[in-house]
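What follows is one structure encoded as structure tokens, with my remarks underneath.
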Amino acid sequence: MPPPILLVEDNPVDLDLTLRAFARRKLINRIEVARDGEEALAWIPRWLAGEEKPAVILLDLKLPKVSGLDVLAELKRKAPLARIPVVILTTSKDDHDVAAAYDLGANSYIVKPVDFAKFMEVAAQIEIYWCIYNELPPP
């Protein structure tokens, strides 16, 4: 079984859209969901204790409780987790957000398309690159 994908998304519409897009693609990676920054951070001790790390984390920036940028910073501070690829998947096109995400170690920054067909293309590209072609670092 391939490693999971962690989707960190608080917006129920965007969460549903993302899950439907991956379901239509028949993605073989299971999707784990964190609905806010606190839930995302709760995965850290589990991974540090040996639970399987995700192939990629899809991280929204505008999250309740703890921001996506704070989640990213915390992940990248933990040496055993710093190599997990993090793709920012957000509605923000703000230059400050883009720069901050890359400065904190994001591997990619994608602005969510509004159109479902375009979102399907994004889901396909995420799957192909991050789940098939990308070589994960050794455990």
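The values are calculated or read from the model by the stated rules, or taken from the named source; none is laboratory data. Quantities reported herein were computed from a predicted structural model and do not represent experimental measurements. Glycine also receives a Cβ, built like all others from the backbone with ideal geometry; neighbour counts cover every protein chain displayed.
Summary table
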quantity	calculated
Members of region 80-123 found to be of a type in the set (D, E, K, R) and more than 16 Å from the chain's Cα centre (by Cα), listed by number	LYS93, ASP94, ASP95, ASP103, ASP115, LYS118, GLU121
Test: SER108 is closer than 18 Å to LEU136 by Cα and hydroxyl-bearing (Ser, Thr, Tyr)	yes
Sole residue being buried (at least 19 other Cβ atoms within 10 Å of the Cβ) and either at pLDDT 90 or above or more than 20 Å from LEU17 (Cβ to Cβ) (or both), chosen from LYS53, LYS93, LYS62, LYS76	LYS53
Restricting region 23-71 to residues that are assigned to a helix (DSSP H, G or I) and touching a strand residue (DSSP E or B) at 6+ places or on another chain (Cβ under 6 Å), the residue that is nearest to ILE110 (Cα to Cα)	GLY68
Test: ILE84 is of a type in the set (Val, Ile, Thr) and assigned to a loop (DSSP other than H, G, I, E, B)	yes
Restricting region 1-50 to residues that are basic (Lys, Arg) and farther than 20 Å from ALA82 by Cα, the residue that is modelled with the lowest pLDDT	ARG25
All positions within region 100-125 that are of a type in the set (Gly, Ala, Ser) and either at pLDDT 85 or above or loosely packed, with under 14 Cβ neighbours inside 10 Å (or both)	ALA100, ALA101, GLY105, ALA106, SER108, ALA117
Count of region 126-139 residues which are surrounded by fewer than 17 Cβ atoms within 10 Å (Cβ to Cβ) and among the acidic types (Asp, Glu)	1
Selection from region 51-93 of residues that are within 19 Å of ASP14 (Cα to Cα) and among the charged types (D, E, K, R)	ASP60, LYS62, LYS65, LYS93
Selection from region 90-129 of residues that are in a loop (DSSP other than H, G, I, E, B) and touching a Phe, Trp or Tyr at 6+ places or on another chain (Cβ under 8 Å)	LYS112, PRO113
Verdict on LEU15 being out of contact with any Phe, Trp or Tyr (no Cβ under 8 Å at 6 or more places or on another chain) and part of a strand (DSSP E or B)	no
